[in-house]
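For reference, the structure is listed below as C-alpha cells.
The values are calculated or read from the model by the stated rules, or taken from the named source; none is laboratory data. These figures come from a predicted structure and were not determined experimentally. Here the Cβ positions follow ideal geometry from the backbone for every residue, glycine too, while neighbour counts run over all protein chains shown. With ligands, DNA and RNA removed, areas are computed over all heavy atoms of the protein, side chains included. Shrake-Rupley method; radii C 1.70, N 1.55, O 1.52, S 1.80 Å.
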Amino acid sequence: MSTTTISSSLPFPRFPLSPSRPTRFPSIPSPRKPYPSLRIRAALDEAAAAAAPPPIITIDNGSDGGAGPDASEATAFVIRARNRIGLLQVITRVFKVLGLRIEKASVDFEGDGYFVKRFLVVDSHGRKIEDPESLSRIEKALREAILATGADSSSTVAVAKTRGFVVRRSRFPGAGDRSAKAERMFQLMDGFMTNDPMSLQKDILDHVEYTVARSRFNFDDFEAYQGLSHSVRDRLIERWHDTHQYLKRKDPKRLYFLSLEFLMGRSLSNSVINLGVRDQYADALNQLGFEFEVLAEQEGDAALGNGGLARLSACQMDSLATMDFPAWGYGLRYQYGLFRQVILDGFQHEQPDYWLNFGNPWEIERVHVSYPVKFYGAVEEKVLEGKKCHVWVPGETVEAVAYDNPIPGYGTRNTINLRLWAAKPSDQQDMEAFNTGDYINAVINRQRAETISSLLYPDDRSYQGKELRLKQQYFFVSASLQDIIRRFKDSHSNFDDFPEKVALQLNDTHPSLAIPEVMRVLIDEEYLDWEKAWGIVSKIFSLTIHAVNPEGLEKVPVDLLGSLLPRHLQIIYQINFLFMEELKKHYGLDYNRLSRMSIVEEGAVKNIRMANLSLVCCHTVDGVSRLHLATLKTRVFKDFHEFWPQKFQYKTNGVTQRRWIVVSNPPLSGLISRWLGTDAWIRDMDLLLGLRDHAEDASLQEEWMMVRKVNKIRLSEFIEAMIGMKVSPDAMFDVQIKRIHEYKRQLLNILGIIHRYDCIKNMKESDKEKVVPRVCIIGGKAAPGYEIAKKIIKLCHAVGEKINNDSDIGDLLKLVFIPDYNVSVAELVIPGSDLSQHISTAGHEASGTGSMKFLMNGCLLLATADGSTVEIIEEIGNENMFIFGANVQEVTNLRQNGLGVKKSLQFARVVRMVREGYFGFKDYFKSLCDTVEDSSDFYLLGNDFESYLEAQAEADKAFVDQKKWTKMSILSTAGSGRFSSDRTIRDYAQNTWGIEPCKCPS
C-alpha cells in the first residue's frame, strides 16, 4: 500500500556544532499550521461528496494493470473515486462481508482529491471470481457503499458542543460500535511510518523522552543512540508484522534454522542500510547536532556466538530475509556470551561479557510466548484406549521465554525473525517454595534455571559442565520445537502435512536432540505409531556438518543422558536398534562396521554419538566446501557415505556483502556502484564480475588506492587509540584475525615475523632501504582452558615488545595484537588490510569464511590450499594470490611417514631464538617450542616454513609495484561474487530445504 509523504522544512535553527558533544537546544515552540476546525472540515467533505461524480469501478480478470505477478490468480477491482476519511476501510469491509480476500492493494492519488485504488481479490478458496452474476453483485455492493459513505443518509453527525469536535457513526449495513472502533483503528494505521527528516527527528526525540526517559533537551550520545535504535526498530516491526501476517495467509513451507550460536555483531548500521534509510537518518541526526557514525559506535556487539559457525548463521539469516524465503531462526539468549579478552602484561585474562547490562533495544521480550521444558524424572507406561503409551514424569521444569529479534532483508519488505530463548524458573516451582516459606530455595531455583541460558560454552571438562551443556542443548530444541509445532497446528490438523510445511536445519550436531524430541512429541503426545512418526521425522531434518576430524565429533555419556532425559535415551536406543537391523540386512554380521556406525559407542564409558544420530535421521548432510565434502566422504563419515551416498552434498559457505562491504566499507561500496553504473550488485554479487573490464583502468586504480588509503588511516587511528602505538598507513598491513588455535597456525606467522626481524636486524643500512615496511596485525581469543593457545598470545606480545622498541628496526616492522577481537573490530580491520593470512594446515579448515570477507574488500590472500581457498583459487587465479605449503594429500602422506621431515635452517634458528629466551620467558615458552619439534610437529610448521617465507617474499615484490597490486586487489573483489551467502542460501533452498520465496507486497 503506497502512501504520500509531505516534507517540510525543519523548525530547528542551525547552531554551530561541537565535535565532541551534542548541541543542547533551547525550548523551541512547535510549528503551527492553519488547520480548519474539524466541524468545518466535515461540512466541506460532505459538500464535496454531494457534488462529486459517481465512482468508476472496473473489473479485470486478465491482468491488474501492473499490480504484480499474482494477477493471473486473482480478480482486479479498480476503483476511481473522491478520497474521504474511512473510505478505504469501507471498501475493505465490503470484500470481507462478501467472503472475499484481498491479496494485494495499491493506491495512486490524483489531483483534486481523487484516487485510484486497485485490489487483487480472490474467493474463500483462493481462486479468482469469474461468475458474471457474482461480479455484478460485488460491483453493486461496492458502488452503494462508496456512495453511502459520502451521503447525508449514511451517517449521523453528533456535535459535542463542549469539546468542539465531530463524531461520525457509520450506518454501513451490519456495522455497530465494534465496527466503528475497527474502522477508527484502520484509519489510524492506514499507512506506514514516514522517513522524512522531520518525522525521523520527532520519532528519535519521542523515544529519548518517553522510552529512555531523558529530557529531549539534555541527553548524551548513548541516550541518542537508544532513541535512534528504537526509532529504527519501530520501522523494522512494521515490516516484521506485515511479513508474518502475509506468510500466515500464504502458508508456504517454512525453514526453521536451529543454531546454538549467532554472531550478529551490531544491528544499527546493518538495519538502516537494509531498510534503505541510512542517508535519511544521517541527515536528520546532523540537524540535531549528532553524527550517525558516532552514535553507531555506542552499540556493543551481541555476544551470542564465537567464530565462523556463529557468523555464518548471522550471514545466512540476512540472506534468507533478503531473498524473501519464509524462515525463522532459533537460538539461545546468552546472558554473558563468550568472554571479554583482557591483556595484562601480554597474558590473556577472561572477564564476563556483560553485554546486556545496558539493555538491547533490538530485541522484543515475548513474555506471553513461553514453554515448559522438562528435565530428569522417570518414564511410566500407561494404557490409553487399549494402547501402551509412555509418559515422562519430569523431576524439574523450567520455562523458556522468547526474545524476538527482527532481521530485515535488503531491497525487500520481508523481515524475518530470530527467536532466542531465555531460561526462567517455573511458576509452579516458585509457588511450591513460597507456599512452604522457603524463600531461599525459591531464589536458588531461579538462579539454577537462569544458569541454563547464561553462558556460551560452559566448561565441559567436569560432569557438571557436561550436564549444563546438555541442558542448554535440550532446552533450546524443546522450546523451539514446541513453538514450531504450535505454529503448524494453528493452521493444520493432520501431521501428514508436516513435511510439506516444515524444514528443520541443524547447524552442526549441537541441536541433534531435536530428532528424538520430535519423535517423543509425535509418539507420546500426538499418539502416532512409530513407523508413521519416523517417516515424518526422516523427511524434515537436514544437517550442515562443520567437523573435519572424527575425534572432534560430539559425544554424550549414556549415564548423563539417561539421568537428564530418560525418555529420549529410550527413543535413541530404539532408533539405533532399527538402524542396526537395517545394516545387518545389507552388510551381514560385519561387527567392525556395525560398531563404527552405531549411534551407541561401547567402551569403558558408553556414549551416544550425536553425529551418527543426525546422519541416520537427516535426509541431507551438507559439507561447507567441496574439499570438506571430500573429507567427510573419505575420512569422517566414510562408512555412512558408502551406505547412503545420496545423502551427502556440499554448499560452499558464503558471507553477506551487505555487512562486509556496504556496512563495513562504505567508500568501496560507493566506488563499485559508480564504476558498475548500478548498486544492484548488493543483491546480485555476480555483477561484480564487471569490475574485471576496468581492472587496468588508471582512473579506477587511482580511486581504488585512495579508498584503501582512507581505510588504512582509519585502522591506524584505531590501533593508536587501542594500544597507543603509531603505525604508518604507507606500510603493508599484514593481518591474521581469527580464533587462536594450533591448526590455524598463528605460531607460524609469529615465527615468520621473527625471521623478518632477524633479517632486518642483520642488514646493512643500505639494504634496509629496499625493505617493504610492514605492520603485522594479529587478533583473536584463546579458549580459557587452551594453554598452548594462550602461550601463542603471550609470545606475540613478547616478540612485539622486542621489535616495536628496537631502534634498529624503526618503522620497517611493527607487530600489533588487537585485544578482544569481535565482529565490530573485524568491520574496521578487514577494509584496512593489504594482505590477509589464512594459513591453516591443509585439511583442517572446513571452509574458512574469513578469507571471503577479506576477498570482497580487495585484500590479497596469503593462504594454504585448504577449505574454500581451493575454490577461491579457481575463481580469481593462482596469480592473484600467494599460495604455499603442503596440500591435503601431502599432509596425509607426511603424517603417515611419521613426520620425519628435515626442517630448514631458518626454522631451526627462529625456534632456537624463542627457546633460548631471546624474547624472555624462556621456561614459559619451552612447551610451546616442544610442539614444533620433529616428532611433535603435527601441524607441519617446520615443513611449510620455507614455502611460507617464499610466499611472503612474493607478496613484498608485488607490493612494491602498486599498479600490479591494485589490479590484483580489484580482481579479488571482482571474483568474490561466488562467495556470497545469497548463493549459499539459494543452493540450500533448491537442493536441501525445498522452500520457495514468498515476498511480502510493498
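Does segment 854-878 hold any residues that are assigned to a helix (DSSP H, G or I) and either on the phi > 0 side of the Ramachandran plot or open to solvent by less than 20 Å² (accessible area, probe 1.4 Å) (or both), and which are they? Of everything in segment 854-878, those that are assigned to a helix (DSSP H, G or I) and either on the phi > 0 side of the Ramachandran plot or open to solvent by less than 20 Å² (accessible area, probe 1.4 Å) (or both) turn out to be 854, 855, 856, 869, 871, 872, 876.
Of the strands (runs of 3 or more DSSP E) that lie entirely inside segment 441-557, those containing 3 or more residues that are open to solvent by less than 30 Å² (accessible area, probe 1.4 Å) and modelled with pLDDT of 95 or more span 502-507, 541-544. For segment 265-278, the count of residues that are touching a residue at least 12 places away in the same chain (Cβ under 8 Å), part of a helix (DSSP H, G or I), small (Gly, Ala, Ser) and under 30 Å from residue 103 (Cβ atoms) is at least one. Taken over segment 879-889, residues that are surrounded by 16 or more Cβ atoms within 10 Å (Cβ to Cβ) and part of a helix (DSSP H, G or I) amount to 2.
When you scan segment 633-642, do you find a residue that is modelled with pLDDT of 95 or more, assigned to a helix (DSSP H, G or I), under 16 Å from residue 857 (Cα atoms) and of a type in the set (D, E, K, R), even just one? No, the conditions are met nowhere in segment 633-642. Restricting attention to segment 576-599, the residues that are acidic (Asp, Glu) and crowded, with 16+ Cβ neighbours inside 10 Å total 0.
If you check 621, 616, 662 for being within 29 Å of the chain's Cα centre (by Cα) and part of a strand (DSSP E or B), only one passes: 621. Set side by side, the residues 956, 987, 934, 982 differ, and just one is of a type outside the set (S, T, N, Q), crowded, with 22+ Cβ neighbours inside 10 Å and either part of a helix (DSSP H, G or I) or on the phi < 0 side of the Ramachandran plot (or both), which is 982. Is at least one residue of segment 354-376 open to solvent by less than 10 Å² (accessible area, probe 1.4 Å), part of a loop (DSSP other than H, G, I, E, B) and either farther than 18 Å from residue 265 by Cα or charged (D, E, K, R) (or both)? No, the conditions are met nowhere in segment 354-376. Among residues of segment 125-137 that are on the phi > 0 side of the Ramachandran plot, those with a Cβ under 8 angstrom from a residue that is surrounded by 11 or more Cβ atoms within 10 Å (Cβ to Cβ) and among the basic types (Lys, Arg), sequence gap 6+ or separate chain, pair up as 126/101.
Does segment 844-851 contain at least one residue that is small (Gly, Ala, Ser), assigned to a helix (DSSP H, G or I) and out of contact with any His (no Cβ under 6 Å at 6 or more places or on another chain)? The answer is yes; a qualifying residue exists. Inside segment 659-684, can you point out the residues that are crowded, with 22+ Cβ neighbours inside 10 Å and touching a Ser or Thr at 6+ places or on another chain (Cβ under 7 Å)? Selection gives 661, 662, 663.
With (1) among the acidic types (Asp, Glu); (2) open to solvent by less than 40 Å² (accessible area, probe 1.4 Å); (3) over 30 Å from residue 994 (Cβ atoms) as the list, and residue 639 as the residue in question, which single condition is left unmet? For residue 639, the failing item is (3).
Of the residues in segment 718-738, how many are basic (Lys, Arg) and either open to solvent by 40 Å² or more (accessible area, probe 1.4 Å) or part of a strand (DSSP E or B) (or both)? Residues meeting the conditions: 1. Residues that are over 29 Å from residue 263 (Cβ atoms), in a strand (DSSP E or B), modelled with pLDDT of 95 or more and not small (Gly, Ala, Ser): does segment 793-813 have at least one? Checked segment 793-813: at least one residue is over 29 Å from residue 263 (Cβ atoms), in a strand (DSSP E or B), modelled with pLDDT of 95 or more and not small (Gly, Ala, Ser). Restricting attention to segment 603-619 and to residues that are touching a strand residue (DSSP E or B) at 6+ places or on another chain (Cβ under 7 Å) and open to solvent by less than 10 Å² (accessible area, probe 1.4 Å), the residue that is farthest from residue 679 (Cα to Cα) turns out to be 608.
Among the numbered conditions (1) of a type in the set (Ser, Thr, Tyr); (2) within 28 Å of the chain's Cα centre (by Cα); (3) at pLDDT below 95, the only one that residue 833 does not meet is (3). The set of residues from segment 586-604 being farther than 18 Å from residue 558 by Cβ and in a helix (DSSP H, G or I) comprises 586, 587, 591, 592, 593. Is it the case that some residue within segment 304-312 is part of a loop (DSSP other than H, G, I, E, B), polar (S, T, N, Q) and within 15 Å of the chain's Cα centre (by Cα)? Within segment 304-312 (the criterion being part of a loop (DSSP other than H, G, I, E, B), polar (S, T, N, Q) and within 15 Å of the chain's Cα centre (by Cα)), the answer is yes, since at least one residue qualifies. Is it fair to say residue 346 is more than 17 Å from the chain's Cα centre (by Cα), open to solvent by less than 40 Å² (accessible area, probe 1.4 Å) and more than 28 Å from residue 504 (Cβ to Cβ)? For residue 346, the condition - more than 17 Å from the chain's Cα centre (by Cα), open to solvent by less than 40 Å² (accessible area, probe 1.4 Å) and more than 28 Å from residue 504 (Cβ to Cβ) - is met. Residue 689 meets each of the listed conditions (1) free of Cβ contacts under 8 Å to residues at least 40 places away in the same chain; (2) assigned to a helix (DSSP H, G or I); (3) open to solvent by 30 Å² or more (accessible area, probe 1.4 Å) apart from (1). Whether any residue in segment 113-127 is at pLDDT 80 or above, under 40 Å from the mean Cα position of the chain (by Cα) and among the aromatic types (Phe, Trp, Tyr) is what I want to check. Yes, some residue in segment 113-127 is at pLDDT 80 or above, under 40 Å from the mean Cα position of the chain (by Cα) and among the aromatic types (Phe, Trp, Tyr).
So, in segment 93-142, exactly how many residues are among the acidic types (Asp, Glu) and touching a strand residue (DSSP E or B) at 6+ places or on another chain (Cβ under 6 Å)? So the answer is 3.
Being closer than 30 Å to residue 92 by Cβ, part of a helix (DSSP H, G or I), at pLDDT 85 or above and open to solvent by 80 Å² or more (accessible area, probe 1.4 Å) is a condition met by at least one residue of segment 199-212.
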